[in-house]
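The values are calculated or read from the model by the stated rules, or taken from the named source; none is laboratory data. Worth saying up front: this structure is predicted, and the values here are computed from it rather than measured. Cβ placement follows ideal geometry from the backbone for every residue including glycine, while neighbour counts extend to all protein chains displayed.
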């Protein structure tokens with residue numbers, strides 16, 4: 001039995017994301033953007049972790065005080081091969097804030 005499948009052409013759906021460019025322009029002068037996956041701090045409720053690239057080759061994370069976050073943008077989600085999704089955000093952190101960056105490294109001899 002020969003079954004033929006036909007592809008149907010459907011009209012393209014254009015979605016325009018709302019961007020407040022004036023606000024972003026002002027934020028760029030006094031803030032720095034950091035993108036990643038947010039996580040609760042394990043014991044300090046006034047801090048947040050941001051995993052910069054949870055599925056990639058640079059598995060570092062940032063630790064910020066919540067009071068230093070001025071604006072949050074939701075970014076596109078990452079979907080792995082098994083269909084699990086990972087949320088991503090962009091945090092705008094006030095310049096001059098104290099933060100922590102933690103990244104793994106290989107311990108070698110001198």
- request: Filter the range 78-94 for residues that are exposed (fewer than 11 other Cβ atoms within 10 Å of the Cβ) and within 20 Å of residue 34 (Cα to Cα) and give the result.
  value: 85
query: Do we find a residue being modelled with pLDDT of 90 or more, outside any strand (DSSP E or B) and surrounded by 10 or more Cβ atoms within 10 Å (Cβ to Cβ) anywhere in the range 96-106?
result: yes
message: Against the condition touching a strand residue (DSSP E or B) at 6+ places or on another chain (Cβ under 9 Å), assigned to a strand (DSSP E or B) and exposed (fewer than 11 other Cβ atoms within 10 Å of the Cβ), how does residue 74 come out, does it pass?
response: yes
query: Can you spot a residue in the range 45-63 that is surrounded by fewer than 16 Cβ atoms within 10 Å (Cβ to Cβ), over 10 Å from the mean Cα position of the chain (by Cα) and closer than 14 Å to residue 100 by Cβ?
result: yes
